[in-house]
Amino acid sequence: MNNFSIGEIVLGDSHTDNRGVLTFFNQFDLGQIERFYTIKHENLEIIRAWQGHKYEKKWFHVVNGSFKMVLVKPDDWSKPSCDLPYEEFEMHDMDSKILYVPSGVASGFKATTPNSKMIVFSDFSLDQSIADDYRFDKNLWYKW
C-alpha cells in the first residue's frame, strides 16, 4: 500500500448484549444517498474490477464475510496510465466501517472469504450512474 489516501473510512460502533450485536453508523449522513444495492461473491475467484465514476460517490459496507477493496485515481478516463498508485482496504463484516469512495476514483474488489456480501450506497440514480460509468481491465493496476 502506498502512503496517500484516496478512500476514507467512516467509523461506526456496535453494542453487544444477550440479544445479539447491534452495529450502527450514527454519524453516517444518509441525506445524499439516492439508492443502494447489495453484491454477493459466492467464491474467491470472482473479481469485480475496475469500475470508476468521474462524479458519482459510493460507500461500501461488508455485511457478511470479507473483501479486499482496492482504489485508484485514473489520470485519464479514456486511456489511463498503467502504473498508477493504488490504495488497499481489508473490509470485514465484524468491522464497524464504511469505505467512502469519492468521485474521480475507480474501485476493484474480491471476496477473501466465501459467500461474502456487501451493501453499496450511491449518491446517483441508476441512469446518472450509467452515464458516468467507466470500466477498465481487471489486471490494469493490481495483481489480484
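All of the numbers you see were taken from the coordinates with simple rules; none came from a lab. Model, not experiment: these values are computed from the prediction. Reconstructed Cβ throughout: ideal geometry from the backbone, glycine too, with neighbour counts over all protein chains shown.
Taking the chain as a Gaussian network of alpha-carbon nodes connected by springs under 10 Å, the highest mean-square fluctuation of the residues ILE130, ILE119, ILE47 belongs to ILE130. Note on LYS73 and GLU88: their simple-model spin labels are 2.1 nm apart, each label 7 Å out from Cα toward Cβ. Sum up the charges of everything whose Cβ sits under 9 Å from the Cβ of HIS41, counting Lys and Arg as +1 and Asp and Glu as -1, but leave HIS41 out. Spelling it out: positives minus negatives among the neighbours equals +2.
First check a/c for the stretch 21-68, with a ≥ b ≥ c the square roots of the eigenvalues of its C-alpha gyration tensor; if it is under 1.5, answer rounded, and if not, answer prolate when a/b is larger than b/c or oblate otherwise. Walk me through the numbers before you get to the answer.
Details: a/c = 2.68, a/b = 1.18, b/c = 2.27.
Cα axes put the stretch 21-68 in the oblate bin.
Using a ≥ b ≥ c from the Cα gyration tensor of the stretch 88-144 (square roots of the eigenvalues), is it rounded, prolate or oblate, where a/c under 1.5 gives rounded and otherwise the larger of a/b and b/c decides, a/b for prolate? Taking the square roots of the gyration eigenvalues as a ≥ b ≥ c, the stretch 88-144 is oblate. Using a simple spin-label model with pseudo-atoms 7 Å out from Cα toward Cβ, THR16 and PHE28 lie 2.0 nm apart. Can you tell me the relative contact order of the stretch 32-135? Whole percent, Cα pairs under 8 Å, sequence separation 6 or more. Once divided by the residue count of the stretch 32-135, the mean separation gives 50 percent. Using all pairs of distinct alpha-carbon atoms, the Kirkwood hydrodynamic radius of the chain works out to 15.8 angstrom.
How much net charge surrounds VAL120 when only the other residues with a Cβ under 13 Å from the Cβ of VAL120 are counted, with Lys and Arg +1 and Asp and Glu -1? Write out the running numbers ahead of the final one.
On the way: positive: ARG35, LYS40, ARG48, LYS57, LYS58, LYS117; negative: GLU34, GLU56, ASP123.
It works out to a net charge of +3.
Among MET69, MET118, MET94, which one shows the biggest mean-square fluctuation in a GNM of the chain, springs joining Cα atoms closer than 10 Å? Greatest mean-square fluctuation among the candidates belongs to MET94.
Taking label positions 7 Å along the Cα-Cβ direction at both ILE46 and LEU126, the computed distance is 1.8 nm, reported to one decimal. Here the Gaussian network model covers the chain, with springs between Cα atoms less than 10 Å apart; of PHE67, PHE25, PHE124, PHE25 fluctuates the most.
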